[in-house]
Amino acid sequence: MDLFEKQAQVQELFIASPVNAAYSHGTTTSRQIAGHYNDLGVAVLLLDQVKPNEFFDYQMYLMGELVKRLEMPQLDVVILNNASLMQRFNVIRTYQLLYQRDQKGRVAWEMRAVMDWLDFKKYDEMQSKALAERIRGERFAIDAEYVGKRLQRLREYTDLLRGFSGVSRDKFRAEPNLYALAQWYLTQAADLCFGTGVYFISALGLDKPEAYHDILDVIAKHGVVEKNLAYRLETLANMRNLLAFDKELSDIDEIYGLI
């Protein structure tokens, strides 16, 4: 079977499966049509309706079907829905688009994935600062003044958010300026919260987080913050990127409930 026939079978597989987009990375042994795939890796973005507990089953199913249709001994399949920010960014940067169900949706997902990664990378500065302190002095050095300033700013934004406690839900929904201001304060507070968490992780040599929702879990595990607090702030971690990049898609009632 030539490559064109194999690719047609792969397209049929993705169309019949809940696949939103697929990317491939690898080489062929020959540029001729009769060549075959070699060292192929496939990354798949599943449709939103697929539940997280179904990811592994689809990963195994797609892997088996692709091995059979491409006539390969084995290949790697990555499910992008639960991949790390770095994995998603690397797939977009280095893989080739193999299939897309909806171009607009695929482009929107890629934009979000790239922005998430670039935004998360800004914490490298905090990690570098913490590493420099550990090299310069004690192994686990904390710059109390630096942390104190960040926590003070966090308290200021928290106090500003408390100012909305006297605003009724109806008024909050009816006045766009109030809603926009609350979104801004909440975004700044979230960045200060998670950014300070990353600093502690680097300064104390803790496990590196893969995404925002991992940050507080890591420091809570080591007693830097209470586990109950980390759990309560999980909603903020999940909403953080929506606030930063797609404010118009955030839910007014959910924002009101958070503040």
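Which cross-chain or sequence-distant (5 or more) residues have an amide H under 5 Å from the amide H of VAL19, H modelled 1.01 Å from N in plane?
Distant-sequence amide H within range of VAL19: LEU47.
Exceeding 31 Å between C-alpha atoms, which entries from my cross-link table qualify? They are LYS104/LYS221; LYS149/LYS227; LYS51/LYS221; LYS6/LYS104; LYS121/LYS221.
In this structure, LYS104/LYS221 lie more than 31 Å apart at Cα.
Report, in cubic angstrom per residue, the convex hull volume of the C-alpha atoms of region 171-234.
In region 171-234, the Cα hull volume divided by residue count equals 83 Å³.
Mind listing the long-range amide H neighbours of ILE79? Cut-off is under 5 Å, sequence gap 5 or more, other chains count too, H placed in the peptide plane at 1.01 Å from N.
HN-HN under 5 Å from ILE79: VAL44.
Could you compute Rg(Cα) / (2.2 N^0.38 Å) for region 3-120, with N its residue count?
1.05
All of the numbers you see were taken from the coordinates with simple rules; none came from a lab. Values in this document were obtained by computation on a predicted structure and should not be read as measured data.
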